[in-house]
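Accompanying notes for the structure given below.
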Amino acid sequence: MSTTATAVEGEHHHHGPAKGIGRWLFATNHKDIGTMYLWTALAMFFLGGAFAMVIRMELFQPGLQLVNPDWFNRMFTMHGLVMVFGAIMPAWVGFANWQIPLMIGAPDMAMPRMNLLSYWLLPVALLVLVSTFFMEGNAPAFGWTFYAPLSTTFAPDTADFFIFGVHLLGISSIMGAINVIATIVNLRAPGMTLMKMPMFVWTWLITAFLLIAVMPVLAGVVTMMLTDRNFGTAFFDASGGGDPLMFQHIFWFFGHPEVYIMILPSFGVVSQILPTFARKPLFGYASMVYATGAIAFLSFIVWGHHMFATGLPLAGELYFMYATMLIAVPTGVKIFNWAATMWRGSMTFEAPMLFSIAFVFLFTIGGLTGLMMAMGPADMQYHSTYFIVAHFHYTLVPGAVFALMAGTYYWLPIWCGRMYDEKLAKIHFWLSAISVNVLFFPQHFVGLAGMPRRVPDYPLQFADFNMIISIGGFVYGLSQLMFVYIVVKAIRSGKPTPDQVWEGAKGLEWELPNPLPFHTHTTPPRVD
Amino acid sequence: MSANGNRMARRLAWLGALVPALFVSQVANAAWDLNLTQGVTETSQTVFDIHMTLLWICVVIGVGVFGVMIYSIFTHRKSKGAVAAQFHESTTIEIIWTVIPTLLLVVMAIPSTVALIDLEDNSASDMSIQVVGYQWKWQYKYLDEELDFFSNLAASSRDQINSDPTGVDNYLLEVDNRLVIPAGKKVRFLITANDVIHSWWVPDFGWKQDAIPGFINEAWTRVEEPGIYRGQCTELCGIDHGFMPIVVEVKPQAEYDAWVAEQKSALKAAAASGDREWAMAELMEKGEEVYMRVCVACHQANGQGIPPAFPAIAGGAISTGPIKGHLDQAMNGVPGTAMQAFAAQLNDVELAAVVTYQRNAFGNEMGDMVQPADVKAAR
Ligand SMILES: [Cu+2]
């Protein structure tokens, strides 16, 4: 197998990347496009992070010191939008671009030119979104959930730019998803049946279907906003016979699968890494696949759990409560499987493993609070407080972001042909893991004690915890600068990647030569 | 590697143990500021019980899963010479850990279902109050009495937002007019909004309910214990979302009745005071009070507004234009913007005073005034 994989055809030998900026502007190579996605995502992670720092500085003590409430609202709105649409989603697309062809033995993505277009729409969309800061009316201040009528009748004109940006992001994501599906379905190496695919590929396949299903729904809801705002329709305007609640139904029909779009690839990465460093096969591969599918399916029928306090009819509340509770079953299966993978392994604890183990611990906390909030009557208290803020940040930061860090450290030696500095990476891990808990754990307390989310100021009894939370936030934010340093250092002066990067790593991507040629798997490897 | 690895393991274990430990310590000293409140109603007590049951179930699951992982991290490490087993599935165990959580869920669903049914039972109430969310205040209409009023953030809090709030009693949790309800009565709330979506939440009652324009949501409470209960708006509703608290005062029936009578006669007196001519100084004084209560959130204390969303009053085209246009703006608002129609919220005296104030404060110096009689005529 490895001989075919490394055989490079003569005619391709000198066919390297184009020179200069053209290499990036007209990139069709999955590696280059993946790289661009990843750098963009990293830049957006810091932009969104900067907004978060403003939020935490303002909340450092009671009273308003730094920004007025309007700015505060813009900050958390843009923080959410940039992190979701600019950082986490594009980062996973970057991973998909790099890893899927390498892992299934394909020479590239199925549609390289569409790939190029879907990448370039992303920075354009983000620019449209961020440019609102420089316009009259300023950036959106209605939350990343942009509930009508705050985002329609009561929003400044810049909301139309927001709508345009979301449209572009949606087109970009849909094209990216089509590409992923086409690649996985058509370009697998001979012998790689669906049930032999690596977990990361499986989770991305399912994610891609989620994207295709819900991004058009998002496009629909922003289009309705657009016509409400500009063309006299009243989809969401009660005084015109419309229904503001319909906005929330449509939004969350998109929004709930959206959170799984951000987390399923994390499940995939962690399912790759734990077996490598436990030197033991993934426990329950088949049940992992089915659990991922079940989670994806359930994600379409639970949107009402975001709306327990909106006055849904009793039958609706009961239904959404039961359906949401069901998600705990496949999610539990995944967590148990990961624990069983570690059980009786022969573990070592390099940075990817540390981040993955922390992922399992901390994502579990996010999952458990999710279970608590699934209970309708309890959610009447939790809803829209810092408890929910703690919950979804546990799933997204020590969840998705830790998985991204784990995956980067894991595959970086392949990507750039050089090793990162393990010692620094471990320091990065410990700083992140501790500060992220200082940042998010006390949010459970202030939330339970009654602090609403999205407020620029708070009653005095929340002051102590907010100060602790802010300190955690600053440390976490600063530690991420280390990540940039470690990655750049690896690229520029890391030790060349050895033939065997990780002792226990299995899969096609590990059988390629180092440094990685520009074109790989030009002759499909055989999998048996 | 081995020594280093051991140190790492210790640290990791410490982290793993810290998390459930924090959970447990939280429960141990369940002070108000760490945990959910038990509240003062049957509903809030039920919700609290469900919450604690859930919390303990989560702690047990967490301790179980984390315990296994931590044990594994300590023992099954290469540095200790662990040799990897090669098992990778077990139908029995996979069935077990699918079925047990499912059963646990069924057990948890039962009390939640009962509680939800009770929460939604709005029948047989003793009285009804309509709650209307506005940017950024609440209106309370007693549907069985001729009584309604607005409830704004108290000046004691607002004055300190930009300076030093430490030392302010109930900072951001005090209002000018509290909602008063009788103890021991089932009070039904009809909750809606005038502009954007708000949400009405008093944690001690055990629920929150969104206030949605065009919809009327029902909710209810019965508080046995007289007292003062505080909460906040919990749905993002624009700039001053953080500054529209809710304060409910529960009084024994007799005191409640007295309060209602007093409110009604005060309203009558206020309306009657519009029958006479008002002097400039009186109007300015009253106007400042109204402005600082009602208009300040948008137009700001210095009259500069927050352009472009909220225009300045100082030097404003309308505020320094003809009286008629200015009064019209204040009374009828501007549909489709945050500028509300204050004719429905303020009486003749208040409207006359606030318009006069705007025309003569912030350097506007128009020198003219509006009389309550003018407002009455314009209605
Ligand atoms: Cu509000």
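The values are calculated or read from the model by the stated rules, or taken from the named source; none is laboratory data. No experiment lies behind these values; they were computed from the predicted model shown. Virtual Cβ from ideal backbone geometry, glycine too; neighbours counted across all protein chains shown.
Here B:TRP207 meets the list (1) within 11 Å of chain A (Cβ to nearest Cβ); (2) within 16 Å of the ligand (Cβ to nearest atom) almost entirely, failing just condition (2). Among the residues of segment B:328-349, those identified as surrounded by fewer than 23 Cβ atoms within 10 Å (Cβ to Cβ) and outside any loop (DSSP other than H, G, I, E, B) are B:ASP328, B:GLN329, B:MET331, B:ASN332, B:PHE342, B:ALA343, B:ALA344.
Here's the yes/no breakdown for (1) among the acidic types (Asp, Glu); (2) closer than 29 Å to B:MET244 by Cα; (3) in a loop (DSSP other than H, G, I, E, B); (4) more than 14 Å from every other protein chain (Cβ to nearest Cβ):
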site: A:ALA403; (1), (2), (3), (4): no, no, no, yes
site: A:ALA425; (1), (2), (3), (4): no, no, no, no
site: A:TRP430; (1), (2), (3), (4): no, no, no, no
site: A:ALA433; (1), (2), (3), (4): no, no, no, no
site: A:GLN461; (1), (2), (3), (4): no, yes, no, no
site: A:VAL487; (1), (2), (3), (4): no, no, no, yes
site: A:ALA490; (1), (2), (3), (4): no, no, no, yes
site: A:ASP499; (1), (2), (3), (4): yes, no, yes, yes
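Exactly one residue among A:ALA351, A:ALA378, A:ALA339 is within 22 Å of A:ALA291 (Cβ to Cβ) and of a type outside the set (S, T, N, Q), and that residue is A:ALA339. In this structure, does B:GLU218 turn out to be at the interface with another protein chain (Cβ under 10 Å from one of its Cβ atoms) and within 30 Å of B:ALA271 (Cα to Cα)? It is false that B:GLU218 is at the interface with another protein chain (Cβ under 10 Å from one of its Cβ atoms) and within 30 Å of B:ALA271 (Cα to Cα). Checking each residue of segment B:188-199 against the condition of being at pLDDT 95 or above, outside any loop (DSSP other than H, G, I, E, B) and away from chain A (no Cβ under 13 Å) gives at least one match. Looking at segment B:254-273, is at least one residue buried (at least 16 other Cβ atoms within 10 Å of the Cβ) and not in a helix (DSSP H, G or I)? For segment B:254-273, residues buried (at least 16 other Cβ atoms within 10 Å of the Cβ) and not in a helix (DSSP H, G or I): absent. For segment B:131-158, filtered to residues that are in a strand (DSSP E or B) and more than 16 Å from the ligand (Cβ to nearest atom), the residue that is nearest to the other protein chains (Cβ to nearest Cβ) is B:LYS141. If you go through segment B:226-236 and pick out every residue that is within 12 Å of the ligand (Cβ to nearest atom), touching a residue at least 40 places away in the same chain (Cβ under 8 Å) and not in a strand (DSSP E or B), you end up with 0.
None of A:ALA110, A:ALA106, A:ALA96 is in a helix (DSSP H, G or I) and either in contact with a strand residue (DSSP E or B) (Cβ under 7 Å, 6 or more places away or on another chain) or of a type outside the set (Lys, Arg) (or both) except A:ALA96.
When the residues of segment B:237-254 are narrowed to those that are more than 7 Å from chain A (Cβ to nearest Cβ) and more than 14 Å from B:VAL175 (Cβ to Cβ), which ends up farthest from the ligand (Cβ to nearest atom)? The residue in question is B:ALA254.
The selection criterion, being crowded, with 18+ Cβ neighbours inside 10 Å, among the aromatic types (Phe, Trp, Tyr) and within 24 Å of A:SER151 (Cβ to Cβ), does not hold for A:PHE200. Within segment B:179-202, residues that are touching a residue at least 12 places away in the same chain (Cβ under 8 Å) sit with their Cβ atoms under 6 Å from residues that are within 9 Å of the ligand (Cβ to nearest atom) and charged (D, E, K, R), at 6+ positions apart or across chains, in these pairs: B:ILE197/B:GLU235; B:HIS198/B:GLU235; B:SER199/B:GLU235.
Between B:ILE50, B:ILE73, B:ILE95, the distinction of being at the interface with chain A (Cβ under 9 Å from one of its Cβ atoms), of a type in the set (Val, Ile, Thr), part of a helix (DSSP H, G or I) and farther than 22 Å from A:THR348 by Cβ belongs to B:ILE50 only. Could you tell me whether segment A:285-298 includes any residue that is out of contact with any strand residue (DSSP E or B) (no Cβ under 9 Å at 6 or more places or on another chain), at the interface with chain B (Cβ under 9 Å from one of its Cβ atoms), among the hydrophobic types (A, V, I, L, M, F, W, C) and surrounded by 24 or more Cβ atoms within 10 Å (Cβ to Cβ)? No, there is no match, as no residue in segment A:285-298 is out of contact with any strand residue (DSSP E or B) (no Cβ under 9 Å at 6 or more places or on another chain), at the interface with chain B (Cβ under 9 Å from one of its Cβ atoms), among the hydrophobic types (A, V, I, L, M, F, W, C) and surrounded by 24 or more Cβ atoms within 10 Å (Cβ to Cβ). Under the condition of being of a type outside the set (Ser, Thr, Tyr) and at the interface with chain B (Cβ under 8 Å from one of its Cβ atoms), the residues counted in segment A:317-336 number 11.
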